[in-house]
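Visitor: I am attaching a structure below and will ask some questions about it afterwards.
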Amino acid sequence: MSIILWIIIGVIAVIVVWIIIAFNSLVVLKNRAKEAWSDIDVQLKRRYDLIPNLVETVKGYATHERELFEKVTKARASAMSAQGAKEKAGAENMLSDTLKSLFAVSENYPDLKASTNFLELQRELSDTEDKIQAARRFYNTNVRDLSIKIETFPTNIIASSFGFKQMELFEAAGAEKEAVKVKF
């Protein structure tokens, strides 16, 4: 009788330990995904901070491009206020398109293209774009790992029991899949 009791206690202990390990691994993955999202926000803020300086620099040379400056400002504001991965991706796509237009306009102004300020802002923006891309990949990797854990048996039982939900991947829209062209 005592051997059966010890076997039952052992089985229960193994199940409890497995539940704890599964739960903790889900928590770790969820927190990594949140941290990765935060990394995207940090890089996007850096990008948003560069844009007004870039616009002001271009304004000094291309005063009659007012409509383009308004589009860039509007796209920046929209991207800053976007919530969630899907909305943020769409707003970032619109911002990338307006930045491409801004750089295309700069081609018409040789003095602007030679400006040290403009060249430095282009370099900073290009560097920021690379960091945003890396942060998105890191985020998507963590979201993928969390999704796999939530969907696979037997951790899916723990995930559904404790209310773990899948997070959205940060997917680029069609036009955003092209890199922002920065010409020197």
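The values are calculated or read from the model by the stated rules, or taken from the named source; none is laboratory data. Just so we're clear, the structure is a prediction, and the values are computed from it rather than from any experiment. Here Cβ is always computed from backbone atoms with ideal geometry, including for glycine, and neighbour counts include all displayed protein chains.
Visitor: Could you list all residues from region 106-135 that are modelled with pLDDT under 80 and aliphatic (A, V, I, L, M)?
Guide: L112, A114
Visitor: When you scan region 54-61, do you find a residue that is of a type in the set (K, R) and either closer than 23 Å to F170 by Cβ or modelled with pLDDT under 85 (or both), even just one?
Guide: If we filter region 54-61 for residues that are of a type in the set (K, R), which is where we start, we get 59.
Within this subset, residues satisfying the condition of being either closer than 23 Å to F170 by Cβ or modelled with pLDDT under 85 (or both) are 59.
Yes.
Visitor: Of everything in region 124-169 that's in a helix (DSSP H, G or I) and of a type in the set (F, W, Y), which residue is surrounded by the most Cβ atoms within 10 Å (Cβ to Cβ)?
Guide: Among residues in region 124-169 that are in a helix (DSSP H, G or I) and of a type in the set (F, W, Y), the one surrounded by the most Cβ atoms within 10 Å (Cβ to Cβ) is Y139.
Visitor: Restricting attention to helices (runs of 4 or more DSSP H) lying wholly within region 40-120, give those where 3 or more residues are in contact (Cβ under 8 Å) with a residue 40 or more places away in the chain and in contact with an Asp or Glu (Cβ under 8 Å, 6 or more places away or on another chain).
Guide: Output list reads 85-106.
Visitor: Take the conditions buried (at least 18 other Cβ atoms within 10 Å of the Cβ), closer than 29 Å to S160 by Cβ, over 21 Å from the mean Cα position of the chain (by Cα) and not aromatic (F, W, Y) and apply them to A33. Does it pass? Working first, answer last.
Guide: Details: buried (at least 18 other Cβ atoms within 10 Å of the Cβ): yes; closer than 29 Å to S160 by Cβ: yes; over 21 Å from the mean Cα position of the chain (by Cα): no; not aromatic (F, W, Y): yes.
No, not satisfied.
Visitor: Take region 72-85 and flag every residue that is surrounded by fewer than 18 Cβ atoms within 10 Å (Cβ to Cβ) and basic (K, R).
Guide: K74
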